[in-house]
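**Q** Below: one structure in structure tokens.
The values are calculated or read from the model by the stated rules, or taken from the named source; none is laboratory data. Predicted model only: the values in this text are computed from it and were never measured. When we count neighbours, we look across all protein chains shown, and the Cβ atoms used for this are built from the backbone with ideal geometry, even at glycine.
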Amino acid sequence: MIRYRNKMITTGMACLLIVFFWGLPLPAISGTLPSTHSDISLSKEVDRTQTNGFAFLKKMQNPDGSWSNPDFPALTGLVLYAFFTAPDFDPSAPRPAFIQKGLDFIVGNAQANGSIYKEKLPNYNTAISMLALIAAGDPAYYPIIAKARSYVASLQEDRGKKGQTDDPYDGGIGYGTKDHSDMSNTYLALEALRMSEFLESDQHIQIFEDLKGFEKKSLDWDAALKFIQRCQNLPTHNDQAWASGDPDNKGGFVYFPGNSKAGEQKLPNGKVALRSYGSMTYAGLLSLIYADLKKDDPRVTAAYDWIQNNYTLEENPGLGQQGLFYYYHTMAKALTVLQVDHLTAENGQWIDWRKELTQKLVEKQKGDGSWINDSGRWWENDPVLVTAYSLIALNMIVT
């Protein structure tokens, strides 16, 4: 069973996630260590794979400390997050110069209003940059994180009557520009807010008091949950007319209310359903966790059931090769947070997802230590981004 407890997940010595674990009444969950810990041959291969991946990222750093496109600090943030979540990371150890240079780049993009970005995608860049600064485990960055936390909360949508969640997009967060809220940006924002929640404790209250003239904002978590459930194919909880309870889609998630990147599906009864798809269902499940739902909540169990029924590593279910590595890394993150060692296939067979995902990532690594997706949608033709995704997934698995 998955254990119910308040737990701080750590990889190395860095704090990653502050979440509530619960005893989900779900089958095929083992209390034993995943087989990747006991398979010596695979373990050695994973070590080599990670070493080569990190070496690739190190050599790809730009002179200004950034990685990939410097116009998007999130890309640098993901790389740093990969380094900081490695099993052997120790925040108390001397910091390598190239890591410090990357942190300096992110800090250099921090704005007076708390955001961390240049010209585009303020939520995406700020939330991921927050994750990197938090995972660094350095109190020197707490004031920047505190301001960014407030900024991300300020991006929450409330379009109709204030406080009424009367618009489908209310409660969620989008890219932070003219675009409305979506499930991917909301998941990133909620993760950054939960991970930085420790700053709300009495121990750190002085940080906000020292930010003279800065208006602190907080997220409406009830409204956020309303948006999350409006992205789930679950008519019992989603008040939108499009929500479908058909067997193929029930419990899964779409990109935003009324829109699925996986398109539509005509049902035998003549109705049309928005297709649930893999990457967004993992993002939705993580969001439900961050929204602190109970262990037996039907929204959680429905998402978990969809995940088990649609498990595959050959594609991002519903999208083929598009967003495949985003799918891998959200899978590893969600199932690790839930402490799931095994999934159960529709035929009742146990699936050692950790071992299978590890083998798949080892298999897909290029000779230079990188990973890349032949399908370039959502920047997955960028080897820096995809290598960061892959290493984060491996870090979660072997920790």
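**Q** Hey, does the stretch 190-205 have a residue that's surrounded by 19 or more Cβ atoms within 10 Å (Cβ to Cβ), at pLDDT 95 or above and within 19 Å of PHE256 (Cα to Cα)?
**A** The answer is yes, given that some residue of the stretch 190-205 is surrounded by 19 or more Cβ atoms within 10 Å (Cβ to Cβ), at pLDDT 95 or above and within 19 Å of PHE256 (Cα to Cα).
**Q** Considering only the stretch 199-228, state which residues are more than 25 Å from ALA135 (Cα to Cα) and assigned to a helix (DSSP H, G or I).
**A** Selection gives ASP222, ALA223, LEU225, LYS226, PHE227, ILE228.
**Q** If you don't mind, another one. Looking at PRO298, PRO317, which one is surrounded by fewer than 17 Cβ atoms within 10 Å (Cβ to Cβ) and either over 14 Å from SER276 (Cβ atoms) or modelled with pLDDT of 95 or more (or both)? Walk me through how you get there before you give the answer.
**A** Details: PRO317 fails: surrounded by fewer than 17 Cβ atoms within 10 Å (Cβ to Cβ).
Result of the check over PRO298, PRO317: PRO298.
**Q** Sticking with this structure for a sec: Of these, SER92, SER41, which one is out of contact with any helix residue (DSSP H, G or I) (no Cβ under 9 Å at 6 or more places or on another chain), at pLDDT below 95 and over 20 Å from ALA136 (Cα atoms)? Give the derivation first.
**A** Working: SER92 fails: over 20 Å from ALA136 (Cα atoms).
Going through SER92, SER41 in turn, just one is out of contact with any helix residue (DSSP H, G or I) (no Cβ under 9 Å at 6 or more places or on another chain), at pLDDT below 95 and over 20 Å from ALA136 (Cα atoms): SER41.
**Q** Would you check which residues across the stretch 344-370 are in contact (Cβ under 8 Å) with a residue 60 or more places away in the chain and under 19 Å from the mean Cα position of the chain (by Cα) and list them?
**A** Passing the criteria: ARG354, THR358, LEU361.
**Q** Do you know which residues across the stretch 37-62 are of a type outside the set (A, V, I, L, M, F, W, C) and assigned to a loop (DSSP other than H, G, I, E, B)? Even if it seems obvious, please write down each step before you answer.
**A** At the first step, the residues of the stretch 37-62 found to be of a type outside the set (A, V, I, L, M, F, W, C) are 37-39, 41, 43-45, 47-53, 58-59, 61-62.
Residues satisfying the conditions are SER38, ASP39, ASN62.
**Q** If you scan the stretch 278-327, which residues turn out to be at negative phi, assigned to a loop (DSSP other than H, G, I, E, B) and among the acidic types (Asp, Glu)? Outline the logic, then answer.
**A** Taking the stretch 278-327 as the starting set, the residues that turn out to be at negative phi are 278-291, 293-317, 319, 321-322, 324-327.
Imposing the further condition that a residue be assigned to a loop (DSSP other than H, G, I, E, B) reduces the set to 291, 293-297, 310-315, 317, 319, 321-322.
The answer is ASP296, ASP297, GLU314, GLU315.
**Q** Output the qualifying pairs, or none if there are none: Cβ atoms under 6 angstrom, residues six or more apart or on different chains, first residue in the stretch 115-127 and on the phi < 0 side of the Ramachandran plot and part of a loop (DSSP other than H, G, I, E, B), second residue of a type outside the set (Ser, Thr, Tyr) and surrounded by fewer than 21 Cβ atoms within 10 Å (Cβ to Cβ).
**A** Within 6 Å, the pairs are LYS118/ASP71.
Let's see how each residue does on (1) more than 29 Å from PRO70 (Cβ to Cβ); (2) hydrophobic (A, V, I, L, M, F, W, C); (3) touching a strand residue (DSSP E or B) at 6+ places or on another chain (Cβ under 7 Å):
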residue	(1), (2), (3)
VAL340	yes, yes, no
ASN347	yes, no, no
TRP350	yes, yes, yes
GLU363	yes, no, no
ILE392	no, yes, no
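**Q** Within the stretch 236-277, track down each residue that is out of contact with any Cys (no Cβ under 9 Å at 6 or more places or on another chain), within 24 Å of ALA223 (Cα to Cα) and not in a loop (DSSP other than H, G, I, E, B).
**A** ASN259, LEU274
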